[in-house]
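Here's the structure, in structure tokens; my notes come after.
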Amino acid sequence: MLVTMKSILKLAEARKIAVGAFNITSLEGIQAVLGAAEETGQPVILQFAPVHESIIPITVIGPIMVLMAENAAVPVAVHLDHGDDFNKLKQALDMGFTSVMYDGSALPFEENAAGTKIAVELAAAYGASVEGEIGAMGREEFLSVGEEEENEAEESCYTDPDQAETFVSITGIDALACSFGTVHGLYLKKPSLDLDRISRIRKKVALPIVMHGGSGISDEDFRQCINRGVRKINYYTYLAKAGGMYVKEKAAKAEDMVFYHDVTLWGVEAMKNDVLHTIKVFSGLKQ
Ligand code: 13P
């Protein structure tokens, strides 16, 4: 059933778990994520990031996300990830998305707070939830393999707990994306997380904390972050990699012709397995 992100994060807070927020770039991605959520009986968030418009436009995949969320056997929120202009937020809300992120993290503090407050007012007219961001994740999604870029988030961009407190009181958001060492895309070095920062932010802010850049984080680090108050975890690159690499392997081994529908079925199978593992870690279930 389609629900707001706020209601899903309330469930997560009560159970001290995190809900997976998976970026969607295909119908197979939705099937994989909802299949895994229904098999484990866990709530989930389907999200779309405008950076993926060139893979599939929101006008095509957005209504399908909403429809499939409505028909799911578990609570599902449909969320706009990294919305950086109000037209995109309105477009998603008009389609029936139940949550939006206003990402003003690249702007000066006052402009970010003012923009996020407008997003909260806009979403309220639709009964939808809002995620804001303070601090920055270090780099845009998504790093392509082989690119020689440092993968450490700049410490100067890490979320300041006092600033986070002010930001939340000005804006009235429902969830706060924070920077504490994760980055989007593939990690080229083992990520080193500032776990204590999550605890310090949570002392100042009584809101669910959102982790971006979930791909490549160890299961143990996920558990540590969840123990300290992370309630929504954004995850995409490893899901896409799991599907792609499995298709590559199966196609290479195929003795016969490969049909396109074989590719879609392999993709769903591999992505669902990856999401199953991830959801179990996030919700403290046995593997
Ligand atoms: P990854 O692709 O690194 O998992 O990050 C996804 C994300 O944070 C989307 O906002």
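The values are calculated or read from the model by the stated rules, or taken from the named source; none is laboratory data. Treat the numbers as computed from the prediction; the structure is a model and nothing was measured. Virtual Cβ from ideal backbone geometry, glycine too; neighbours counted across all protein chains shown.
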Give segment 222-246 a look and list any residue that's among the charged types (D, E, K, R) and within 13 Å of the ligand (Cβ to nearest atom), or say none.
Lys232, Lys241
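Looking at this structure, is Asp84 modelled with pLDDT under 95, within 14 Å of the ligand (Cβ to nearest atom) and either over 21 Å from Lys280 (Cβ atoms) or among the aliphatic types (A, V, I, L, M) (or both)? Write out each step before concluding.
Working: modelled with pLDDT under 95: yes; within 14 Å of the ligand (Cβ to nearest atom): yes; either over 21 Å from Lys280 (Cβ atoms) or among the aliphatic types (A, V, I, L, M) (or both): yes.
Yes.
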Quick one: Val145 ticks every box in (1) within 25 Å of Arg197 (Cα to Cα); (2) within 14 Å of the ligand (Cβ to nearest atom); (3) at pLDDT below 95 except a single one, so which number is it?
(1)
Before we move on, is Ser218 within 16 Å of the ligand (Cβ to nearest atom) and closer than 19 Å to Ile17 by Cα?
yes
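Return the residues of segment 194-211 that are without any contact (Cβ under 8 Å) to a residue 60 or more places away in the chain and in contact with a strand residue (DSSP E or B) (Cβ under 9 Å, 6 or more places away or on another chain); say none if nothing qualifies.
As a first pass, look at segment 194-211 and keep what is without any contact (Cβ under 8 Å) to a residue 60 or more places away in the chain: 194-207, 209.
Listed by number, the residues that qualify are Arg197, Ile198, Ile201, Arg202, Val205, Leu207, Ile209.
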Log entry, pairs with first residue in segment 35-56 being under 16 Å from Asn87 (Cα atoms), second being small (Gly, Ala, Ser), beta carbons closer than 7 Å, six or more apart or on different chains, reads Phe48/Gly62; Pro50/Gly83
Give the number of residues within segment 87-104 that are within 17 Å of Thr116 (Cα to Cα) and away from the ligand (no atom under 16 Å from the Cβ).
5
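Taking Lys203, is it of a type outside the set (Val, Ile, Thr), surrounded by 21 or more Cβ atoms within 10 Å (Cβ to Cβ) and at pLDDT 95 or above?
Values: of a type outside the set (Val, Ile, Thr): yes; surrounded by 21 or more Cβ atoms within 10 Å (Cβ to Cβ): no; at pLDDT 95 or above: yes.
Against the criterion (of a type outside the set (Val, Ile, Thr), surrounded by 21 or more Cβ atoms within 10 Å (Cβ to Cβ) and at pLDDT 95 or above), Lys203 does not qualify.
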Might you let me know whether segment 108-119 holds any residue that is within 18 Å of Asp174 (Cβ to Cβ), aromatic (Phe, Trp, Tyr) and not in a strand (DSSP E or B)?
no
Checking the conditions here, which among Gly267, Gly244 is of a type outside the set (Phe, Trp, Tyr), buried (at least 23 other Cβ atoms within 10 Å of the Cβ) and either touching an Asp or Glu at 6+ places or on another chain (Cβ under 6 Å) or under 20 Å from Gly214 (Cβ atoms) (or both)?
Gly267
